[in-house]
Amino acid sequence: MSIPNEALQKLMQEIEARATFSQQQLQIVKSQMAAKQRDIRLLQLTSKELDTLPKSTRVYEGVGKMFVMEDLDSVLTRLDNEKKSAEGDIKDLQKKFTYLETTFEKAQDNLNQILSRR
């Protein structure tokens, strides 16, 4: 049983569109993961610097156009929470990356199968 050329062409276009979309999304996810990793590194460096300070040091955080004095422990806790949140985001992005990679590979395999049948 053969598939008419028009239907085959339409099927190939849909598969190509899916592959292209997956490839674009892969690039977006890669850049998002890189940005989160940079954020984590910045948070680690900030925490490391703050750990070297004595506990009685006054620490100020920027809030809009002003600075607010914060307790050193609360700043370190906030930085740690932000780091954990970013790590969770990276795990989610890795799952999405794996899904998109699989989708792209399946689309490529489908295209190869269709072309090999012709």
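See the values below:
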| quantity | calculated |
| --- | --- |
| Extended-chain gain in nm, criterion 0.36 nm per residue less alpha-carbon gap, Gln113 and Glu49 | 17.4 nm |
| Farthest toward positive dipole pole in the chain [+1 Lys/Arg, -1 Asp/Glu at C-beta], among Gln32, Gln113, Ser56 | Gln113 |
| Length-normalised contact order for the range 5-117 - Cα pairs under 8 Å, 6+ apart - percent | 45 percent |
| 20 Å Cα-Cα reach of Lys10 towards aspartates and glutamates, excluding residues that sit fewer than 8 places from it in its own chain | Glu105, Asp109 |
| Amide H contacts under 5 Å for Glu70, placed H, 5+ residues apart | Val59, Tyr60, Glu61 |
| Listed pairs Lys48/Lys91; Lys48/Lys84; Lys65/Lys91; Lys36/Lys65; Lys65/Lys95 exceeding 27 Å between Cα atoms | Lys65/Lys91; Lys65/Lys95 |
| For the chain, calculated [θ]222 nm from helices alone, where every DSSP H run of n ≥ 4 adds -39500 (n - 2.57) | -29500 deg cm²/dmol |
| C-alpha long axis of helix 72-117 to longest principal axis of the chain, angle in ° | 10 degrees |
| Computed over the chain, Kirkwood Rh from alpha-carbon pairs, angstrom | 18.2 Å |
| Selected from Ile90, Ile40, Ile28 as most flexible by GNM, with the chain as the system and alpha-carbon contacts under 10 Å | Ile28 |
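Values quoted throughout were computed directly from the atomic coordinates according to the rules given, and no laboratory measurement underlies them. Keep in mind that this is a model prediction, so the values were computed, not measured. Positions of Cβ are generated from backbone atoms using ideal geometry, with glycine treated the same way; all protein chains shown enter the neighbour counts.
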